[in-house]
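Asks: Sharing a structure, written as structure tokens. Questions coming.
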Amino acid sequence: MDLLSARLNALSPSETFAMAQKSNELKAQGIDVINMSVGEPDFYTPDHIKQAAKQAIDDNFSFYSPVAGFQDLKVAICEKLMRENELDYKPAQIVVSSGAKQSICNVILSIIGKDDEVIIPAPYWVSYPEMVKLAEGKPVFVYAGIDQDFKITAQQLEEAITPKTKALILCSPSNPTGSVYTAEELKEMAEVLAKYPNVIVISDEIYEHINYIGKHESIAQFDKIRDRVVIVNGVSKGYAMTGWRIGWIAATQWIASACSMLQGQYTSGPSSIAQKAAVAAYTGSQECVAEMGAAFERRRNLIVGLLKEIPGLNVNNPMGAFYIFPECKSLIGRSYNGKVMESATDIAMFLLEEAHVACVGGDAFGAPGCIRISYATSDENIKNAVARIKTALEKLS
């Protein structure tokens, strides 16, 4: 007898976590695996942030925080939004959660109901459509290939909008592609969205600080749609704080209040110690952010150059995050030892087993002809991994 709910049965497991688990299993067997499947910085949390957490423990911040987060953290987030993005929010419009993933899910569960349509540009982060399905909504995918740098156009967006459209999920810089929307591209989208006042924009900006174009651009900058944009961000990527689990939204008051009410019923406020660390992240020196960003850009340049030398891979130049998303369509259909590569997932599994390099097939991201490779690792690992990939792919015939 299946005792699981229909809600749970409708969800798919995360391919990124599955590949990371397979990688760890091989490592446990003593196999030297280079894991390029994970979506987190390989840096340690900066010392001044860790020190703030230690101080918070000594100061006995061991009790529940307010559901939406400590006031000093919400103030620090508002100051960050004004300082870095020229966006004016009040602390009451900020809701702090246990990671940006929860922040996104809070918004979706608060605004999406049965059969509401949510436009999701593809390639997409694996959890977006699953969250929409959890809310009984309908994901509507709009695809952009490598020829578009994996970015949809305003025209594509407008063609996807129907009377049932309730939201658009936009991720820039993007997971899984590293693509970054320019101010002009976002402006064109905002002009389209201005015609449809019932469409909410969930703007996932968690990779904001890892971009190679200079100033981060948020779609919330456009006044015509500002009150319908929910910014999602956090400290995990830019400050190397993935395990601290602090994310947040900045939203118009009714959405912020709805998310706070929802969160109050199933997790309440996030970790008090982690919140105090996040205050230090936003109010302290930003030199660590610049240093990590420079390292990621150097690694981006390295891996792009190396991957372009491999026959069968079509590689673009991602402008943010720490992922590269090479197209591998020409390799699908080839075989090794009688095993035919029928999908990008097959190619990713082949690379794990034959090259001992873990990456993720693009099928999981709505792009079946690509693979996602994270370069959040050392230069040496990047060089070794790409050399292994090249040797392994040469065996396909």
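Asks: Does anyone have the angle between helix 379-393 and the longest principal axis of the chain? Alpha-carbon axes, 0 to 90°, nearest 10?
Replies: 50 degrees
Asks: List every residue whose amide H lies under 5 Å from the amide H of G320, counting only residues 5 or more places away in sequence or on a different chain, with H placed 1.01 Å from N in the peptide plane.
Replies: Under 5 Å from the amide H of G320 lie the amide H atoms of Y212, each far enough along the sequence or on another chain.
Asks: Continuing with this model, one more query. Stokes-Einstein D for the stretch 317-397 at 20 °C, 1.002 mPa s, Kirkwood Rh over Cα pairs, in µm²/s?
Replies: After rounding, the answer is 167 µm²/s.
Asks: What is the set of long-range amide H partners of G99 at a cut-off below 5 Å, with H atoms built 1.01 Å from backbone N?
Replies: Counting only residues 5 or more places away or on other chains, the set is I246, G247.
Asks: Using θ = phi - 60° and the Karplus curve 6.51 cos²θ - 1.76 cosθ + 1.60, what whole-Hz ³J(HN,Hα) does each residue of the stretch 80-88 get, with Gly and Pro shown as x?
Replies: Here the 3J(HN,Hα) series is 4, 5, 6, 5, 9, 10, 6, 10, 9 Hz.
Asks: Using the Karplus equation 6.51 cos²θ - 1.76 cosθ + 1.60 (θ = phi - 60°), what ³J(HN,Hα) coupling, rounded to whole Hz, does each residue of the stretch 333-343 give in order, writing x for Gly and Pro?
Replies: Taking θ as phi minus 60°, the curve returns x, 7, 9, 8, 6, x, 9, 8, 7, 8, 7 Hz for the stretch 333-343.
Asks: Something else about it: Rg(Cα) of the stretch 1-69 divided by 2.2 N^0.38 Å?
Replies: The reported ratio for this selection is 1.79.
Asks: Next up: If I take all pairs of Cα atoms in the stretch 205-338, what percentage of them are more than 21 Å from each other?
Replies: Of the Cα pairs, 59 percent sit more than 21 Å apart.
Asks: Also, I was wondering about something else. Hey, got the dipole for the chain? About the Cα centre, +1 on K and R Cβ, -1 on D and E Cβ, debye to the nearest 20?
Replies: 360 debye
Asks: Pick from N106, N35, N381: which residue has the top mean-square fluctuation in a GNM of the chain where Cα pairs under 10 Å get a spring?
Replies: Its mean-square fluctuation being the largest, the pick is N381.
Asks: How far is helix 15-28 tilted, in degrees, relative to the longest principal axis of the Cα atoms in the chain, given as a value from 0 to 90 rounded to the nearest 10?
Replies: Rounded to the nearest ten degrees, it is 60.
Asks: For the stretch 247-397, what does the relative contact order come out to in percent, with C-alpha contacts under 8 Å and a separation of six or more?
Replies: Relative contact order comes out at 19 percent.
Asks: Next question. Do the sum for the chain: with -39,500 (n - 2.57) for every DSSP H run of n ≥ 4, divided by all residues, what is the mean residue ellipticity at 222 nm, to the nearest 500 deg cm²/dmol?
Replies: After summing the helix terms and dividing by the residues of the chain, the value is -12000 deg cm²/dmol.
Asks: Short version: what are the Cα gyration tensor semi-axes of the stretch 42-172, square root of 5 times each eigenvalue, largest first, in whole Å?
Replies: Taking √(5λ) for each Cα gyration eigenvalue gives 34, 18, 15 Å.
Asks: Continuing with this model, one more query. Of all DSSP beta bridges in the chain, what percent run antiparallel (nearest 5)?
Replies: 45 percent
Asks: Ignoring ligands, DNA and RNA, please state the percent of accessible area on the stretch 268-332 from carbon and sulfur, probe 1.4 Å.
Replies: Heavy-atom surface of the stretch 268-332 belonging to carbon and sulfur, 1.4 Å probe: 52 percent.
Asks: Per residue of the stretch 293-302, what does 6.51 cos²θ - 1.76 cosθ + 1.60 with θ = phi - 60° give for ³J(HN,Hα)? Whole Hz please, x for Gly and Pro, Karplus curve as stated.
Replies: Here the 3J(HN,Hα) series is x, 5, 5, 5, 5, 4, 5, 4, 4, 5 Hz.
Asks: Please give the solvent-accessible surface of F63 in Å², to the nearest 10, using a probe radius of 1.4 Å with every protein chain present.
Replies: 150 Å²
Asks: Rounded to the nearest percent, how much of the accessible area of the stretch 117-187 (1.4 Å probe, protein heavy atoms only) is carbon and sulfur?
Replies: In the stretch 117-187, the share of accessible area belonging to carbon and sulfur is 51 percent.
Asks: For mean projected area of the Cα convex hull in nm², which listed value, (1) 20.6; (2) 18.3; (3) 28.7, comes from the coordinates shown?
Replies: (1)
Asks: If you don't mind, there's one more thing I want to ask. So who's got an amide H within less than 5 Å of the one on V140, skipping anything under 5 residues away but keeping other chains? H placed 1.01 Å off N, in plane.
Replies: The answer is V118, I119, I120.
Asks: Run the numbers for D227 and S378: contour at 0.36 nm per residue of separation, minus the present Cα-Cα distance, in nm.
Replies: Length difference between fully extended and current span is 50.2 nm.
Asks: Which percent of the accessible area of the stretch 47-112 is formed by carbon and sulfur heavy atoms (probe 1.4 angstrom)?
Replies: Here it works out to 55 percent.
Asks: How far is helix 253-266 tilted, in degrees, relative to the longest principal axis of the Cα atoms in the chain, given as a value from 0 to 90 rounded to the nearest 10?
Replies: The angle comes out at about 70 degrees.
Asks: Enter the accessible area per residue of the chain (Å², integer; probe 1.4 Å; all protein chains in place).
Replies: Result: 42 Å² of accessible area for each residue.
Asks: Please work out the C-alpha center-to-center distance from the stretch 303-321 to the stretch 32-104 and express it in whole Å.
Replies: Cα centroid of the stretch 303-321 versus Cα centroid of the stretch 32-104: 32 Å apart.
The values are calculated or read from the model by the stated rules, or taken from the named source; none is laboratory data. Just so you know, these numbers come straight off a predicted model, no measurement behind them. Here the Cβ is made from the backbone with ideal geometry for all residues, glycine too, and neighbour counts use every protein chain on show. Calculation scope for accessible area: heavy atoms of the full protein, side chains included, ligands and nucleic acids excluded. Shrake-Rupley method; radii C 1.70, N 1.55, O 1.52, S 1.80 Å.
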